[in-house]
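J.: Please find one structure pasted underneath; my questions will follow.
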Amino acid sequence: MKKMIGLAFCTAFLVAGCNETPKQETATVEKKAPAAVAAVAPATPAQSAEAAPAAEAPKATITDIDWNKALEMSKAGAVLIDVRTPAEVAEGMAPGAINIPLQEIEQRLSEFPKDKDLLIYCRSGKRSMAASNFLIENGYDKVFNVVGGFLAFPKQ
């Protein structure tokens, strides 16, 4: 009988201890809430001035274009960049294009002019989109993805 009373007492103690944990967690959350509100509160003029440069520089976007537009832009001075492998390029490429395989872009980044429109294409469009994203992430803002890749190149 004494063992049963002892076991009941220990069980009650453990259950009571377990019930205290959520109250402590609630108290912790309540303590954190004012900080979260402060983070959402309007910034002071000094804080706004510090944050303004980052907010003013919107990230460039990639523009999808078709081959007709790409060839027109190329004639006007834009740079066509073929990101296919040399073996794929051996089958043909757009006139005046430069071959910089996707795997080499990071090492050859200096070959991409920042002052000209960059017309990126591959075989079908997936690698050119990856290359375009890489260029945007590295500060280029005149990036155009040629939709359909070389498979969509107009046959003459």
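J.: For Ile81, which sequence-distant residues (separation of 5 or more, or a different chain) have an amide H within less than 5 Å of its own amide H, given hydrogens modelled in the peptide plane?
T.: Ile98, Leu119, Ile120, Tyr121
J.: Take the alpha carbon gyration tensor of the stretch 63-152, find the square roots of its eigenvalues, order them as a ≥ b ≥ c, and report rounded if a/c is under 1.5; if not, report prolate when a/b exceeds b/c, else oblate.
T.: The shape class here is rounded.
J.: Report the label-to-label distance for Lys69 and Asp115 in nanometres (one decimal), using points 7 Å from each Cα along the Cα→Cβ vector.
T.: Rounded to a tenth, the inter-label distance reads 2.5 nm.
Bear in mind that the values in this text are calculations on the coordinates, not laboratory data. Everything numeric here is computed off the predicted structure, so don't read it as measured data. Neighbour counts run over all protein chains shown; Cβ positions are idealised from the backbone, glycine included.
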